[in-house]
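*Asks:* Below is one structure. I have some questions about it.
The values are calculated or read from the model by the stated rules, or taken from the named source; none is laboratory data. Just so it is clear, the structure is predicted and the values come from calculations on it, not from any experiment. Positions of Cβ are generated from backbone atoms using ideal geometry, with glycine treated the same way; all protein chains shown enter the neighbour counts. Note: accessible area is taken over every heavy atom of the protein model, side chains too, but ligands, DNA and RNA are not part of it. Shrake-Rupley method; radii C 1.70, N 1.55, O 1.52, S 1.80 Å.
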Amino acid sequence: MIFEPELETLPNDRLRELQAERLAATVRYVSKRVPFYGETLSAAGVKHADMVPIEDLPTIPFTRKKDLVEHYPYGLLAVPKEEVVRVHASSGTTGKPTVVAYTAADMDLFARVVARCLALGGGQPGFTLHNAYGYGLFTGGLGLDAGGMRLGMAVVPASGGMTQRQVTLISDLRPEIISATPSYALTLAQELRSRGISPEENSLRYAVVGAEPWTEPMRVEIDATLGVRCTNIYGLSEIIGPGVANECIEERHGSHIQEDFFLPEVVDPQSGDPLEDGEEGVLVLTTLTKQALPLLRYWTGDITSLSHEPCSCGRTFARMSQIKGRTDDMIIIRGVNLYPTQIGDVLGLVRELSPHFKLVVSREGLLDEVEVRVEVTEEFFRAVSVDMLSDEVVEADHVLRSCRERTKTLLKDSLGVNAKVTLLAPGEGPRSEGGKLSRIEDHRNLN
Ligand code: ADP
Ligand code: ZN
């Protein structure tokens, strides 16, 4: 179902008009209310008294994370502090925390866009939503909570962690839909399996997963092990939290961006120049109706591309491809630029491996070394253990070496990287517990 069909299927020209009108209003609003914007806009020669035509968007300077950090905590507020009804903080994945604030109207918008996302991912009024995002300062838990209720679902605020109890809740309350980080969804799937509950037996039909980069092999694994169709949810606290975009259950091919509220652009990471559809670059978002913390051309650092191809679900909103990573997740190994998601995609080609992996980067003398630590599947682990126990140690050794060698060769051939491959037993790799997962351990001390 479509939560707000009249808006989500707006014809392109009407959508463009609405965005232009809202952009102009937002530029006027921030230039009067936020000293930082008053200064940067006039320094850039943007005549904010006039309507800013949407074609002139690139003349507006980017807003960056550092601007939020410099004005921590409330320096960029566009409303008096008394109008703020909620604050959240970004999870600080990339260092300094930032605080974001919401008015009552912003909270209403937050619930609406998350309700749209849940409907995109298969949610319906009357369903039960098991929400396994962490509750608290992180926008994920409370954001999905409000959106689930707005769509008309019964929300189970499971939050992160206490996996045993979550599985009991899932068995007893029989939710049709679950929200979680992709890595935690897999942890829950594993726990369900270890209790002997098969994917067909559990009540789940849909999973809305996001908040961290993930890969197609993980999608296959989540679908199969939870017995669902999972979709990607994307968002960031600076813009609102989760709710910026979600894949539709019909195509699961790119996430529809709630374009009537968040104006997307993809720009070249170096020059900042706007890129065409299909070209990969940094996602830049402008809020179009936010009150407390409106942001112009916010540099998300997330790498993606846009598509305006029509979609069979009927929505007209542009779609963004799966996030490859953040510009600051990119590691450069002996001159090769790498995102952890690219490694994840290659690991997915090796039958014996699970999607749980971590990269450990170190420097030996002048040369960077990368080690890929990846869990093997339970089936493979069992087969090898049986060999070991039945004194077929040589055979087991051979099988493990062959798996490592094949993985190494694939990584070299597809990404041009020479990595050491270490196999881990199931459960030894990294997992998130409702918050975000970091896949890189960098011991290089580059600063
Ligand atoms: P922090 O910036 O501290 O991590 P947030 O909680 O606001 O704080 O996280 C937002 C970021 O999380 C996004 O900018 C993006 O990098 C990542 N993210 C969120 N959803 C997804 C997703 N579906 N796929 C990949 N990355 C995501
Ligand atoms: Zn669609």
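*Asks:* Order the following by accessible area, largest value first: 280, 259. Probe radius 1.4 Å; ligands, DNA and RNA are ignored.
*Replies:* Accessible-area ranking of 280, 259, largest first: 280, 259.
*Asks:* Assuming R0 = 30 Å, can you tell me the calculated FRET efficiency for the pair residue 1 and residue 438, based on Cβ-Cβ distance, to the nearest 0.05? If you can, show how the numbers build up before the last one.
*Replies:* Details: r = 36 Å, r/R0 = 1.19.
E between residue 1 and residue 438, to the nearest 0.05, is 0.25.
*Asks:* Which percentage, to the nearest 5, of the DSSP beta bridges contained in the chain is antiparallel?
*Replies:* Within the chain, antiparallel bridges account for around 60 percent of the total.
*Asks:* Please identify the cysteines of the chain that lack any partner cysteine with a Cβ under 4.7 Å from their own Cβ.
*Replies:* So, 117, 230, 311, 403.
*Asks:* Could you tell me what fraction of 2.2 N^0.38 Å the Cα radius of gyration of the range 331-442 comes to, as a two-decimal ratio?
*Replies:* It is 1.12.
*Asks:* Taking amide H positions as placed in the peptide plane 1.01 Å from N, state which residues far from residue 333 in sequence (5 or more) or on other chains have amide H under 5 Å from it.
*Replies:* 338
*Asks:* Would you work out the Kirkwood radius for the chain? I mean one over the mean of 1/r across all pairs of different Cα atoms, in Å.
*Replies:* The answer is 23.0 Å.
*Asks:* Can you give me the angle between helix 104-120 and the longest principal axis of the chain, using Cα atoms only, in degrees from 0 to 90, rounded to the nearest 10?
*Replies:* For 104-120 against the chain, the angle is about 40 degrees.
*Asks:* With the full set of protein chains in place, find how many percent of the accessible area of the chain is carbon and sulfur; take the probe as 1.4 Å.
*Replies:* Exposed carbon and sulfur together represent 52 percent of the surface.
*Asks:* To the nearest 10 degrees, how steep is helix 393-415 against the longest Cα principal axis of the chain, on a 0 to 90 scale?
*Replies:* 30
*Asks:* Run lengths n ≥ 4 of DSSP H only: what is the helix-derived mean residue ellipticity at 222 nm for the chain, with -39500 (n - 2.57) per run over all residues, to the nearest 500?
*Replies:* Rounded to the nearest 500, it is -10500 deg cm²/dmol.
*Asks:* Between residue 336 and residue 388, what FRET efficiency comes out of the Förster formula 1/(1 + (r/R0)^6) with R0 = 35 Å and r the beta carbon distance, rounded to 0.05? It would help to have the intermediate numbers written out before the result.
*Replies:* Working: r = 36 Å, r/R0 = 1.02.
The calculated FRET efficiency here is 0.45.
*Asks:* Here's something else I'd like to know. For the range 299-447, give the share of DSSP beta bridges that are antiparallel, in percent and rounded to the nearest 5; count only bridges with both residues there.
*Replies:* Restricted to the range 299-447, the bridges split so that about 65 percent are antiparallel.
*Asks:* Using a 1.4 Å probe, what is the accessible area per residue for the chain, in Å²?
*Replies:* Numbers: 18850 Å² over 447 residues.
Result: 42 Å² per residue.
*Asks:* Any chance you could list the semi-axes, whole Å, largest first, of the equivalent ellipsoid that the Cα gyration tensor gives for the range 1-157, using √(5λ)?
*Replies:* They are 31, 23, 13 Å, listed largest first.
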